[in-house]
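A quick write-up on the structure given underneath.
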Amino acid sequence: MSRFNQLFSSTIGKKLIMSLTGIFLSLFLVVHLVGNLQLFKSDGGLAFNEYAYFMTHFAPIKAISYLLYATFIVHALYSLIITYRNRKARPIAYASYNGAANSTWNSRNMGLLGTIILIFLVTHMSNFWYQYHWGDVPYVEYTTNIQTGETSVRDIPAAEFHDFVKYIEDGSEIMIAKDLYKEVNFSFQSWYLVVFYVLAMVALGFHLAHGFKSAFQTLGFDHNRYAPLIRAIGFWIFGILIPLLFAAMPLYSFFVVNS
Amino acid sequence: MNLTLKVWRQKNENTRGKFHTYEAKDISEDMSFLEMLDVVNDEITRKGEDPIYFDHDCREGICGMCSLYINGRPHGPKEQITTCQLHMRSFHDGQTIVIEPWRAAAFPVLKDLAVDRSAFDRIQQAGGYISVNTGGTPDANIIPIPKVKADEAFNSATCIGCGACVAACKNSSAMLFVGAKVAQFAVLPQGQAERKERAQAMVDQMDKEGFGSCTNTGACEAECPVGISLSNIATLNREYLGAKIIKEVEVH
């Protein structure tokens, strides 16, 4: 036994958990984004639906996905624990407070931004993740002529669908899958869901613009050359580029695919 | 110039405080903020009332004794100065100035605008020192230290322990103070022997005092009167996590 406190009972230890889970969630976003970019392909959802099947059935990815759900919960839970202590550290608030003079708005409102992201996450998971696993999803059959590369898409009734298959028959490649692509475009017919998604991505951008670099500061990362690089990546890639591309998906669906 | 002051008045630690409004008349813009309060106190005393109690000592920005949360910022609207170095020319005639004590559970109000900052002393006592046997005066440059390292340690050592970092932080975190106190020894050869124990003991004491966590807003660095940088917090995180995770040294 040490005469010192245990690591995770300390304020720095709790922040270490926030930092590591935050970095893991940021990396997940990159993977999620790269996969979802297939929504921009005009192939009737062939690539996207195959990708969706792969992500939900390939064992190592499934294992990581459970780790991911746990990470979300731990990140949210520890934010509550840390915020509770931080509130207790100042029982009487200032009557006159000028936070804008010394810090950025998003750095002071990570909890608020995180709450918006959590609400978004619940909506997002029930829209697609729950629907894909247990809900009513349409089914689709793609027939691609191997020589010409032309693909024909045919909606199939639920009765004809047994499981995801991909095979070659008579010079054509046939794929039968759950049509998440159609489900996505169906959901984004409603303008208020599109607006909500875009706003949530704005919140995500603000959250990550502070969170990404903050995670590295918590780890004690303070290299004179690479720390500015981390700050730049945090702001430009995680704060702007990634949320922008994610926000483009519902907008693309609403304005291009559905019109 | 004439000013309206809204000042926090509180009899002692156990009573509830509230704001009182005072008029500060014929204030010279060349006065320091504390001199302005002296003028107001002079008038209050002449009326036979209890003067406003506030901390001050050297009045030249060295001691770290003066505090005051002025119009929403510790040490007032200017950067890298203490309240005693703040002049009334930073305000305009007819302005209302709200003056509050540092707000933190770890800094209880003693009276009016003065808070008890002995939590900082206890953190220092936990590990902010090096153990050296007394004896003959050692030769000045007997331990060679590179100039960059000496400068780095000195930059951290400029911390005057005023508590503005805690006051500015939305979490009342003391990480900048503790960071500076840990970093100043971490880079010097004299600090190596107790390096691992120091980081752990000081963080333990910091947590025990009830300071919040660092959420890296950077408010502390922006409000620090002597310019202690966020690098010190990164160093503290590194020292602490290094001591906890990589190798925890135990003394018996």
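Annotations
- 37 °C / 0.692 mPa s Stokes-Einstein diffusion coefficient of chain A, Kirkwood radius on C-alpha pairs, µm²/s: 156
- Straight-line cross-link partners of B:LYS47 among the lysines, defined as a Cα under 17 Å from its Cα and at least 8 positions apart when in the same chain: B:LYS25.
- Residues of segment B:67-108 buried by at least 30 Å² on assembly (accessible area, 1.4 Å probe, chain alone as reference): B:TYR69, B:GLY72, B:ARG73, B:GLU100, B:ARG103, B:ALA105
- Surface analysis of segment B:3-111 yields an accessible area of 49 Å² per residue, using protein heavy atoms and a 1.4 Å probe.
- Computed label-point distance, nm, for sites A:LEU229 and B:ASN133 using a 7 Å Cα→Cβ extension: 4.8
- Based on protein heavy atoms only, segment B:118-246 ends up with 41 Å² per residue of surface accessible to a 1.4 Å probe.
- Cross-link reach is defined here as a Cα-Cα straight distance under 28 Å, omitting same-chain residues fewer than 8 places apart; for B:LYS247 the lysines meeting it are A:LYS14, A:LYS15, A:LYS213, B:LYS149, B:LYS181, B:LYS196, B:LYS208.
- Set of lysines near A:LYS41 by C-alpha distance (under 28 Å), chain-local residues within fewer than 8 positions excluded: A:LYS62, A:LYS166, A:LYS178, A:LYS182
- Calculated mean residue ellipticity, 222 nm, chain A: -18500 deg cm²/dmol, from DSSP H runs (n ≥ 4) at -39500 (n - 2.57) each, averaged per residue and rounded to 500.
- Backbone geometry of segment B:4-14 corresponds, through the Karplus equation with coefficients 6.51, -1.76 and 1.60 at θ = phi - 60°, to 3J(HN,Hα) couplings of 10, 10, 10, 10, 6, 10, 8, 5, 7, 4, 9 Hz, x marking Gly and Pro.
- Highest to lowest packing among A:67-80, A:46-59, B:178-191, scored as the average C-beta count within 10 Å: B:178-191, A:46-59, A:67-80
- Vicinal HN-Hα couplings computed from phi for segment A:214-229 (Karplus, 6.51 cos²θ - 1.76 cosθ + 1.60; Hz; Gly/Pro x): 4, 4, 6, 4, 5, 6, x, 6, 9, 5, 5, 9, 7, 5, x, 5
- Distribution of pairwise C-alpha distances over chain B, 5 Å bins, in %: 1, 6, 12, 16, 17, 14, 11, 8, 6, 4, 3, 1, 0
- Summing charges over neighbours of A:PHE186, with a neighbour being any other residue whose Cβ is under 15 Å away from its Cβ, gives -2 when K and R count +1 and D and E count -1.
- Normalising the Debye intensity of the protein assembly as shown to I(0), with uniform scatterers on Cα atoms only, and taking log10 at q = 0.06, 0.09, 0.14 Å⁻¹ returns -0.41, -0.77, -1.31.
- Rounded D (µm²/s) - segment A:139-178, Kirkwood Rh over Cα pairs, Stokes-Einstein at 4 °C, 1.567 mPa s: 126
- The B-A contact accounts for roughly 3800 square angstrom of buried accessible surface, both chains included, probe 1.4 angstrom.
- Shielded by partner chains, segment A:1-43 residues - at least 40 Å² of accessible area, 1.4 Å probe, vs chain alone: A:ARG3, A:PHE4, A:ASN5, A:LEU7, A:THR11, A:ILE12, A:LYS15
- Residue-averaged beta-carbon neighbours from other chains (10 angstrom radius) around B:216-227: 4
- Once the 1.4 Å probe is applied to the protein heavy atoms, segment A:139-178 comes out at 64 Å² accessible per residue.
- Each listed q (0.13, 0.14, 0.19 Å⁻¹) maps to a log10 I(q)/I(0) for segment B:118-246 from the Debye sum over equal C-alpha point scatterers, namely -0.51, -0.59, -1.05.
- In order along segment A:185-200, the phi-based Karplus estimate (6.51 cos²θ - 1.76 cosθ + 1.60, θ = phi - 60°) of 3J(HN,Hα) comes to 5, 5, 4, 7, 6, 8, 5, 6, 5, 4, 4, 4, 5, 5, 4, 4 Hz; Gly and Pro are listed as x.
- Expressed as a whole percent, the accessible surface of segment B:97-149 that belongs to carbon and sulfur atoms is 55, based on a 1.4 Å probe.
- Segments B:223-229, A:8-14 sorted - mean Cβ within 10 Å per residue, highest first: B:223-229, A:8-14
- Accessible-area composition of chain A, carbon plus sulfur, in percent [1.4 Å probe]: 67
- Only helical runs count toward this figure. For chain B, summing -39,500 (n - 2.57) over DSSP H runs of n ≥ 4 and dividing by all residues gives -9500 deg cm²/dmol at 222 nm.
- Comparing the full protein assembly with the isolated chain, the residues of segment A:87-118 losing at least 30 square angstrom of accessible surface (1.4 Å probe) are A:ALA89, A:ARG90, A:ILE92, A:TYR94, A:ALA95, A:SER96, A:TYR97, A:ASN98, A:ALA101, A:ASN102, A:SER107, A:ARG108.
- Percentage relative contact order, segment A:139-178, counting C-alpha pairs under 8 Å, at least six apart: 49
- Debye log10 I(q)/I(0) at q = 0.15, 0.21, 0.27 Å⁻¹ for segment B:34-100, Cα point scatterers: -0.50, -0.94, -1.32
The values are calculated or read from the model by the stated rules, or taken from the named source; none is laboratory data. Just so we're clear, the structure is a prediction, and the values are computed from it rather than from any experiment. Don't worry about glycine lacking a Cβ; one is built from the backbone with ideal geometry, like all the others, and counts go over all protein chains shown. Keep in mind that these areas ignore ligands, DNA and RNA; they rest on the heavy atoms of the full protein, side chains included. Shrake-Rupley method; radii C 1.70, N 1.55, O 1.52, S 1.80 Å.
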